[in-house]
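Please read the structure below before turning to the comments.
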Amino acid sequence: MKHFGQKVRELRETQKLLLRQVAAHLEVDTALISKIERGERNASKTQAVEIAKFLKSNEEELLTLWLADKIESAIVEEPSVAYQAMKIVNKNLKK
């Protein structure tokens, strides 16, 4: 499964867009977009939505990848309890 940043890079490169073009649209530094693509920084939800719109991509798909990255970063340091926590969340979401 791809991460949010990997998908953004794939979409950007497919459209032959430069990092600076995406950065200019979001009114952020080019370095930030580069870090997002490399998975070194997480985009905000607003940025994720704006990136999806700018790249004419499926917003739901990108938001799903964005949220998956966010969840992973929250639980990665707790591997012994992460699975149990995810089971609880899953159960609560089904209610």
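How high is the FRET efficiency between L17 and K45 when r is their beta carbon distance and R₀ equals 25 Å, given to the nearest 0.05? Between L17 and K45 the formula returns 0.70.
Amide H contacts of R41: I36, each under 5 Å away and 5 or more positions distant or on a separate chain (H built 1.01 Å from N in the peptide plane; Pro and chain starts excluded). Taking Cβ atoms as reference points and 15 Å as the exclusive limit, the residues near R20 contribute a net charge of 0, counting Lys and Arg as +1 and Asp and Glu as -1. Close amide H contacts of V28 (hydrogens built in the peptide plane, cut-off under 5 Å, sequence separation of 5 or more or a different chain): none are found.
Couplings for the stretch 38-51, taken from phi via the Karplus curve 6.51 cos²θ - 1.76 cosθ + 1.60 with θ = phi - 60°, read 7, x, 8, 9, 9, 6, 6, 4, 4, 5, 4, 5, 5, 5 Hz in order; Gly and Pro are left as x.
Rule-based calculations on the coordinates, nothing more; no lab input. Here the structure is a predicted model, which means the values were calculated and not measured. Heads up, the Cβs are rebuilt from the backbone with ideal geometry, glycines too, and the neighbour counts pull from every protein chain shown.
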